[in-house]
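One structure is given below, encoded as structure tokens.
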Amino acid sequence: MREEIRLGNEAMARNDIETAKQYFQQILVTDGTPLQKRIAANRLREIQEQTAVRLNPAPVKSRERRKTAGDKKTAGEEIPHKVIRPPDKPIVVIRKH
């Protein structure tokens, strides 16, 4: 294996993306075997994909509440609540059998 590929792989393992790019680009510019150039091109493509994912993360969908049969109101429409107060003087009824 070529020295630049090894150094580029080590730089990627350390998350040193710029150094890894330089090593892989150097292989493409200099004389190398077709296999070495293909390896370098693939590694550069991987680096490009990783940076694209870091810069543009996937959008997160907001969670919505499930609709139930009791949810009949439409957008903007509210259901009024009835307030029931206990009487001021409750009447107690006692029945004898």
Exercise for the section: Would you work out the relative contact order for the chain, in percent, from Cα pairs under 8 angstrom that are 6 or more residues apart? Expected result: 17 percent
Exercise for the section: Take the Cα coordinates of the chain, assign each an equal point scatterer, and use the Debye formula without solvent to give log10 I(q)/I(0) at q = 0.12, 0.21 Å⁻¹. Expected result: -0.63, -1.04
Problem - Residue range of the chain that is longest and free of GluC sites (Glu not before Pro) which are both DSSP loop and sparsely packed (at most 16 other C-beta within 10 Å) - result: 1-63
Fill in the blank from the handout: For region 2-72 the trypsin sites (Lys or Arg not before Pro) that pass both the DSSP coil test and the at-most-15 other-Cβ-within-10 Å test are ARG14, LYS61, ARG63, ARG65, ARG66, LYS67, LYS72
Exercise for the section: Using just the alpha carbons, could you tell me how many Å³ per residue the convex hull of region 20-68 encloses? Expected result: 81 Å³
Completion exercise
Comparing THR68, THR51, THR33 in a Gaussian network model of the chain (Cα, 10 Å), the one with the largest mean-square fluctuation is THR68
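Every number in this text was worked out from the coordinates using simple rules, so none of it is lab data. Owing to the predicted nature of the structure, the values given are computational and were not obtained by experimental measurement. When we count neighbours, we look across all protein chains shown, and the Cβ atoms used for this are built from the backbone with ideal geometry, even at glycine.
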